[in-house]
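Engineer: One structure coming up, written as structure tokens, with questions to follow.
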């Protein structure tokens, strides 16, 4: 697909019309481009706060253009930097994106995959830091649990679905092999910032409630909603809602996609805690190390900023 380049005049028009609240279709018609071009421009050249301005967008476009003129040679220093990031469990896409926003030399993610493949052929272990293991797993179908006074996700405010408000959370649990040990996981929907804590006495509703309240109390003004599934560990949801001054909503039975972000977050955690792990053997320090790693890794959906960077930026505004 041929890349579409915008002129400074077109970027200025996008900036003015976007600030006036014009639709992307209207902006596209005005500058004579497809709506997808406008959508991509607004995402690609937005600043750290997600806002689009002509000056910033033009600077980023010119910087990217200059970068593309340079031959992408894999110099030894750059290769060492890439390998170090692989050891920190960054994906090739994350490495490429992170180098780009820091205005450093960068190569394609396919070149980074070549480094990993060549290392494997030579008996190296870089491939062990990649996330996808190409394994299929079967999900057990559980029984429908009746939880008193549960509030359906159907009653959740529409603003939560838009992911434009900071402070809406999803919650879940990870259980160890043979149901030994459990971890509660939570993620903020807009920034993907996650928290996790080992439940010392398993999936007890009372202990989970106590743990969740302890973790979120520090951010109580940024907890507008919490969404969980129908597991019995959330039976004490009313206490959570009361203590955190929030609203707790439940997904429909067997509808994991209705809290897709926490499902995906748990998959990322499984890179460090495989399905057959006995969670009773893990301590809180190990759990927090995993939390720290995931919150500091850049994400493509966050324009290669990390969840931690965006979470505390929103927290302080």
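The values are calculated or read from the model by the stated rules, or taken from the named source; none is laboratory data. Keep in mind it's a predicted model, so treat the numbers as computed, not measured. Methodologically, a virtual Cβ is constructed for each residue, glycine included, from the backbone with ideal geometry; neighbour enumeration extends over all protein chains shown.
Engineer: If you take the residues in the range 78-113 that are assigned to a helix (DSSP H, G or I) and loosely packed, with under 14 Cβ neighbours inside 10 Å, which one is farthest from the chain's Cα centre (by Cα)?
Structural biologist: So, considering only residues that are assigned to a helix (DSSP H, G or I) and loosely packed, with under 14 Cβ neighbours inside 10 Å, the one farthest from the chain's Cα centre (by Cα) is 80.
Engineer: Search the range 162-183 for residues being loosely packed, with under 12 Cβ neighbours inside 10 Å and in a helix (DSSP H, G or I), and hand back the single one that is modelled with the highest pLDDT.
Structural biologist: Step one: of the range 162-183, the residues loosely packed, with under 12 Cβ neighbours inside 10 Å are 162, 164, 178-179.
Narrowing the set further to residues that are in a helix (DSSP H, G or I) leaves 162, 178-179.
On the way: 162: 86, 178: 81, 179: 80.
Going through the qualifying residues, I end up with 162.
Engineer: Ok, one more. If only one of 210, 206 is out of contact with any strand residue (DSSP E or B) (no Cβ under 8 Å at 6 or more places or on another chain), at pLDDT below 95, surrounded by fewer than 23 Cβ atoms within 10 Å (Cβ to Cβ) and closer than 26 Å to residue 221 by Cβ, which one is it?
Structural biologist: 206
Engineer: Quick test of your reading of the structure: residue 141 fulfils all but one of (1) surrounded by 12 or more Cβ atoms within 10 Å (Cβ to Cβ); (2) at pLDDT below 85; (3) out of contact with any helix residue (DSSP H, G or I) (no Cβ under 6 Å at 6 or more places or on another chain). Name the failing condition by number.
Structural biologist: So residue 141 meets the others, but not (1).
Engineer: Give 290, 220, 262 a once-over and let me know the one that is buried (at least 20 other Cβ atoms within 10 Å of the Cβ) and either modelled with pLDDT of 90 or more or touching a helix residue (DSSP H, G or I) at 6+ places or on another chain (Cβ under 7 Å) (or both).
Structural biologist: Criteria check complete, one pass: 262.
Engineer: Scan the range 78-93 and report the pairs whose first residue is on the phi > 0 side of the Ramachandran plot and whose second residue is buried (at least 19 other Cβ atoms within 10 Å of the Cβ), with Cβ atoms within less than 7 Å and a gap of 6+ or a chain change.
Structural biologist: 89/297
Engineer: Only one of these is modelled with pLDDT of 95 or more and in contact with a helix residue (DSSP H, G or I) (Cβ under 8 Å, 6 or more places away or on another chain): 240, 273. Name it.
Structural biologist: Answer to the selection: 240.
Engineer: Looking at residue 278 and the list (1) crowded, with 16+ Cβ neighbours inside 10 Å; (2) in contact with a helix residue (DSSP H, G or I) (Cβ under 6 Å, 6 or more places away or on another chain), which single condition is not satisfied?
Structural biologist: Failed condition: (1).
Engineer: Name the single residue, out of those in the range 58-77 being surrounded by 12 or more Cβ atoms within 10 Å (Cβ to Cβ) and assigned to a loop (DSSP other than H, G, I, E, B), that is modelled with the highest pLDDT.
Structural biologist: 74
Engineer: What about residue 6, is it under 25 Å from residue 112 (Cβ atoms) and at pLDDT below 90?
Structural biologist: For residue 6, the condition - under 25 Å from residue 112 (Cβ atoms) and at pLDDT below 90 - is not met.
Engineer: Of all residues in the range 202-235, which are farther than 27 Å from residue 315 by Cβ and not in a helix (DSSP H, G or I)?
Structural biologist: The answer is 202, 203, 204, 230, 231, 235.
Engineer: Same structure, new question: Quick check, is residue 182 out of contact with any helix residue (DSSP H, G or I) (no Cβ under 9 Å at 6 or more places or on another chain) and either free of Cβ contacts under 8 Å to residues at least 12 places away in the same chain or under 18 Å from residue 267 (Cα atoms) (or both)? Break it down stepwise before answering.
Structural biologist: Values: out of contact with any helix residue (DSSP H, G or I) (no Cβ under 9 Å at 6 or more places or on another chain): no; either free of Cβ contacts under 8 Å to residues at least 12 places away in the same chain or under 18 Å from residue 267 (Cα atoms) (or both): yes.
When the stated conditions are applied, residue 182 does not pass them.
Engineer: Another question about this same structure. Is it the case that residue 227 is touching a strand residue (DSSP E or B) at 6+ places or on another chain (Cβ under 9 Å), under 23 Å from residue 166 (Cα atoms) and either surrounded by 19 or more Cβ atoms within 10 Å (Cβ to Cβ) or at pLDDT 95 or above (or both)? Don't jump to the end; show me each part of the working.
Structural biologist: Numbers: touching a strand residue (DSSP E or B) at 6+ places or on another chain (Cβ under 9 Å): yes; under 23 Å from residue 166 (Cα atoms): yes; either surrounded by 19 or more Cβ atoms within 10 Å (Cβ to Cβ) or at pLDDT 95 or above (or both): yes.
Answer is yes for this residue.
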